[in-house]
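See below for the structure under consideration.
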Amino acid sequence: MFYLRNKLVAMLVLLMAIFIFAACSSEEESSTSSASESTLTTILERGELVCGVNDNLTGFGVVNSSGQFEGFDIDFCKAVAAAILGDSSKVEYVPLTASARFEALAANEIDMLIRNTTWTASRDRDLGNDFTVPTFYDGQGMMVKASSGYDSIESMSGTTVCVLQGTTTELNLDDRFSTAGIPYTPLTFETNDPLQAAYEEGRCDGWTTDKSGLASKRAGFANPSDHVVLAETLSKEPLGPLTRDNDSEFYDVVQWVVFGMMQAEESGINSSNVASMAGSPTDPGMARLLGVGFDGGEPPDFSFGIPADFMQNVISQVGNYGEVYDRHLVPLGLTREGSLNAQWTEGGLIYAPPFR
Amino acid sequence: MFSNLFQQLKTQETTKKKLEVLFYDRTFRKLLIQLVFSILMIVFLFYLIARAFSLELGFSHLGSRAGFGISHAFLIDYSSNDSRWQAYFVGIINTIRVSFIGILLATTLGVLMGLARLSKNFLISKISAGYVEFIRNTPLLIQIIFWQLVLLQLPQISDALTFGGISVWSNRGILLPFINSVENGSLWFLILLISLIVTLFVRSYLNKFREENVNFFSPNLISLGFFLLITIISYFILGIDLYSDIPSLEVNEYGTYIQSGGFLLSPEFAAILFALVLYTGTFITEIVRGSIQSLPKGQTEAAQALGLSSYQRITLIILPQALRSIIPPLTNQYLNLTKNSSLSVAIAYPDVFMVSRTIMNNAGHALPMLFLILITFLGLSLFISMFMNFLNRRVTRIGA
């Protein structure tokens, strides 16, 4: 009996010691991680890009029936891998939750994060990361039943709106309705499943979240045409890839791969004609983008620590911005015409600075 | 204490031998282990405290504008322009509301089912048994979600049942006709409650008085008169103008159905209430059944021999005695019900936990917020315990 008790005490002491050890060692780990070498060098040495993504948002990042990651965000991971390593399949995907994503990036678990993350001032300032160019301009929207006849937020006076708890959407919703003096009742759910049930059964008149999310959910309904997403946007939600703070080499690569894909679309280069375009570029700008000489001249000498013809790999293996968009987002019903995600030449915000 | 040990140490010559003596001394060994354990514990605590202080503690963030709406506000008004404190209090009141009504209903259900379980009627007894076995052995969270989905199957608001214009039933909620006062809202209800409590005290005093004066007029009638008297007096003194609040359903200019008036039983509130009442009711049923069965059989037989009716037998002989062993475990069930109410986060009923989580998501400061929630639930639980202990003392004293 006494022997047993001593054994118990000894075990408790041991447990305590392990706790303290674990607490101390985890602290050391996080303090050393920030002073690491350039991410670009790490990726080249490792021969693989580690990308933090969503695995549960149809169209943006999802695991398909054959177990492969696919989606709009996933394609940008592939593009960066193609640019750096010349092979778009050399990516390891790390599925992350919304709450774990920033820590995973800060703790070096992933090289880049592209998980429908909104660029905000406080995130840029406080979380130790840098936002590159937005790949998708989203905005908070409102979905209602087509039969209800609502055509604007103003017409939704006295309605009940379903919203996910603790998101910025909950606050944006109140900002929009309360400041305009429109009476409404928010019904705040912790998870999407009971929210969707409540919306479908008519417990609430509207469902608000990011427009891309609404489109994704709407596409999943038995009869998508019974639901409409109102044209009004309640807030700005620019989504794009993130890298760590003070990692400018890799940051530039990610940023210019995205710009390159936008520029390729603008110049009319796509995955099927990139080879012939690289062989005989029609203008000097196109030659600089593809990293080849124009009219027998020398290839441009600018690069981002990677081969100058990186955009050839990106476009041939992944495609230009428009191809990626058409592949993943058009099936959800997110049309480009007239939206913020159209090329700047067509009134949108997709605008790449000059390649020169 | 260690004189014996010192004696032994002195007799040993080599250090190795001395250490051996120390090691094999049971008292010393235990003391050493405890000392090491305590030191490690203190170091760990200091580490935690130091870590905690490096975080931002304090509740100053609760003073700023909330900025989010809450679907259920009861007794106190709330808008998104109020402070986060106000939002937190709305949450507390929602928790108290569902716990209080839940405790009352669960107790009633439990006592009835407990008596039914012991009924000689086969059907009644088996219904009670089936209820207990089915509800008690399934997870509460699933029951809550189940009730929410069941209530969503009520007609949509455009096809709401109106029962000839006195009540509105839809999956937006059940609106019941209610009595309200023009200026003071539900204040009359509070007055009624206070009158009732005062009357109950008066009645118990009168009952005691009657034990000594057998010919005293019926205490029940006097209490009723007293109750009517103070409610009517307060009604006139406070000048509360009551009106019957009949629910209505209208369509505004945009085609939205607006329900107003009456007493609203929302699907979220009803779902969490039903689930908590049914679930806790099963445990109370078993407590009541066990307590009654633990009474000597002679009590029932004596009551029958005296020619008491079965109602008299239960209310005068059985329940008052069973109450002594019912109350302590009943307290546990009340506490469980109150704590389980935080599961309402799953179905959009804004209890204190849900509101706090929203605040945490908006403003951070998770540690102080969680601490505040714990303190809140601790306060509620201690209040329930205090009340039940008071009740327990009364019951045991009357029996003695």
Qualifying residue in the stretch B:372-385 (condition: free of Cβ contacts under 8 Å to residues at least 12 places away in the same chain and among the small types (Gly, Ala, Ser)): yes
One residue is enough: does the stretch A:214-221 have a residue meeting the conditions assigned by TED's automatic domain parsing to the domain that holds A:Tyr321 and assigned to a loop (DSSP other than H, G, I, E, B)? no
Within the stretch A:130-155, residues in a strand (DSSP E or B), over 18 Å from A:Leu171 (Cα atoms) and either acidic (Asp, Glu) or touching a Lys or Arg at 6+ places or on another chain (Cβ under 6 Å) (or both) come out as A:Asp130
Sole residue being assigned by TED's automatic domain parsing to the domain that holds A:Ser152 and within 27 Å of the chain's Cα centre (by Cα), chosen from A:Gly206, A:Gly202: A:Gly206
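This table checks each residue for (1) buried (at least 18 other Cβ atoms within 10 Å of the Cβ); (2) part of a loop (DSSP other than H, G, I, E, B); (3) within 14 Å of chain A (Cβ to nearest Cβ); (4) of a type outside the set (Val, Ile, Thr).
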site: B:Ile127; (1), (2), (3), (4): no, no, no, no
site: B:Tyr131; (1), (2), (3), (4): yes, no, no, yes
site: B:Leu141; (1), (2), (3), (4): no, no, yes, yes
site: B:Leu149; (1), (2), (3), (4): no, no, yes, yes
Selection from the stretch A:82-94 of residues outside any helix (DSSP H, G or I) and touching a residue at least 60 places away in the same chain (Cβ under 8 Å) yields A:Gly86, A:Asp87, A:Ser88
The correct count of residues that are within 10 Å of chain A (Cβ to nearest Cβ) and either touching an Asp or Glu at 6+ places or on another chain (Cβ under 9 Å) or within 10 Å of B:Ile174 (Cβ to Cβ) (or both) in the stretch B:247-273 is 8
Complete set of residues in the stretch A:222-233 that are in a loop (DSSP other than H, G, I, E, B) and away from every other protein chain (no Cβ under 14 Å): A:Ala222, A:Asn223, A:Ala231, A:Glu232, A:Thr233
Any idea which residue in the stretch A:97-129 is surrounded by the fewest Cβ atoms within 10 Å (Cβ to Cβ), counting only those that are touching a Lys or Arg at 6+ places or on another chain (Cβ under 7 Å) and closer than 21 Å to A:Val257 by Cβ? A:Asn129
Scan the stretch A:44-81 residue by residue and report those that are within 26 Å of A:Ile306 (Cβ to Cβ) and part of a strand (DSSP E or B). A:Leu49, A:Val50, A:Cys51, A:Gly52, A:Val53, A:Gly61, A:Phe69, A:Glu70
Going through the stretch A:265-276 one residue at a time, which ones are part of a helix (DSSP H, G or I) and under 13 Å from A:Tyr325 (Cα atoms)? A:Glu265
Do the conditions hold for A:Glu298, that is, is it assigned to a loop (DSSP other than H, G, I, E, B) and either surrounded by 20 or more Cβ atoms within 10 Å (Cβ to Cβ) or not polar (S, T, N, Q) (or both)? yes
For the stretch A:95-119, give me the residue count where each residue is of a type outside the set (A, V, I, L, M, F, W, C), under 30 Å from A:Asp205 (Cα atoms), at pLDDT 85 or above and in a loop (DSSP other than H, G, I, E, B). 3
Within the stretch A:134-158, which residues are touching an Asp or Glu at 6+ places or on another chain (Cβ under 7 Å), among the hydrophobic types (A, V, I, L, M, F, W, C), over 15 Å from A:Ala180 (Cβ atoms) and buried (at least 19 other Cβ atoms within 10 Å of the Cβ)? A:Val144
Restricting to the stretch A:165-193, give me the number of residues that are touching a helix residue (DSSP H, G or I) at 6+ places or on another chain (Cβ under 6 Å) and farther than 17 Å from B:Asp351 by Cα. 1
Filter pass, A:Met311 being farther than 19 Å from A:Ile84 by Cα, buried (at least 21 other Cβ atoms within 10 Å of the Cβ) and not basic (Lys, Arg): no
Checklist (1) out of contact with any strand residue (DSSP E or B) (no Cβ under 8 Å at 6 or more places or on another chain); (2) within 11 Å of another protein chain (Cβ to nearest Cβ) applied to A:Glu249, failing item: (2)
Can you name every residue in the stretch B:73-88 that is touching a strand residue (DSSP E or B) at 6+ places or on another chain (Cβ under 9 Å), touching a residue at least 60 places away in the same chain (Cβ under 8 Å) and either surrounded by 17 or more Cβ atoms within 10 Å (Cβ to Cβ) or of a type in the set (Phe, Trp, Tyr) (or both)? B:Arg84
Inside the stretch B:341-374, the number of residues satisfying the requirement of being more than 11 Å from chain A (Cβ to nearest Cβ), part of a helix (DSSP H, G or I) and of a type outside the set (Gly, Ala, Ser) is 9
From the option list B:Met354, B:Met360, single residue qualifying as under 13 Å from B:Gly91 (Cβ atoms) and without any contact (Cβ under 8 Å) to a residue 24 or more places away in the chain is B:Met360
Can you work out which of the residues in the stretch B:177-220 that are among the aliphatic types (A, V, I, L, M) and not in a helix (DSSP H, G or I) is modelled with the highest pLDDT? B:Ile179
Within the stretch B:50-71, can one find any residue that is within 14 Å of chain A (Cβ to nearest Cβ), farther than 30 Å from B:Arg357 by Cα, surrounded by fewer than 17 Cβ atoms within 10 Å (Cβ to Cβ) and without any contact (Cβ under 8 Å) to a residue 24 or more places away in the chain? no
Say whether the condition of being touching a strand residue (DSSP E or B) at 6+ places or on another chain (Cβ under 7 Å) and either farther than 23 Å from B:Gly173 by Cα or assigned to a loop (DSSP other than H, G, I, E, B) (or both) is met by at least one residue in the stretch B:89-110. no
Of everything in the stretch B:20-35 that's over 14 Å from A:Lys7 (Cα atoms) and surrounded by 14 or more Cβ atoms within 10 Å (Cβ to Cβ), which residue is farthest from the other protein chains (Cβ to nearest Cβ)? B:Val21
Could you tell me how many of the residues in the stretch A:161-213 are facing chain B (nearest Cβ under 8 Å), part of a strand (DSSP E or B) and not hydrophobic (A, V, I, L, M, F, W, C)? 4
Among (1) over 18 Å from the mean Cα position of the chain (by Cα); (2) within 24 Å of B:Leu337 (Cα to Cα); (3) crowded, with 17+ Cβ neighbours inside 10 Å; (4) free of Cβ contacts under 8 Å to residues at least 24 places away in the same chain, where does B:Gly114 come up short? (4)
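The values are calculated or read from the model by the stated rules, or taken from the named source; none is laboratory data. Computed from a predicted structure; not experimentally measured. Methodologically, a virtual Cβ is constructed for each residue, glycine included, from the backbone with ideal geometry; neighbour enumeration extends over all protein chains shown.
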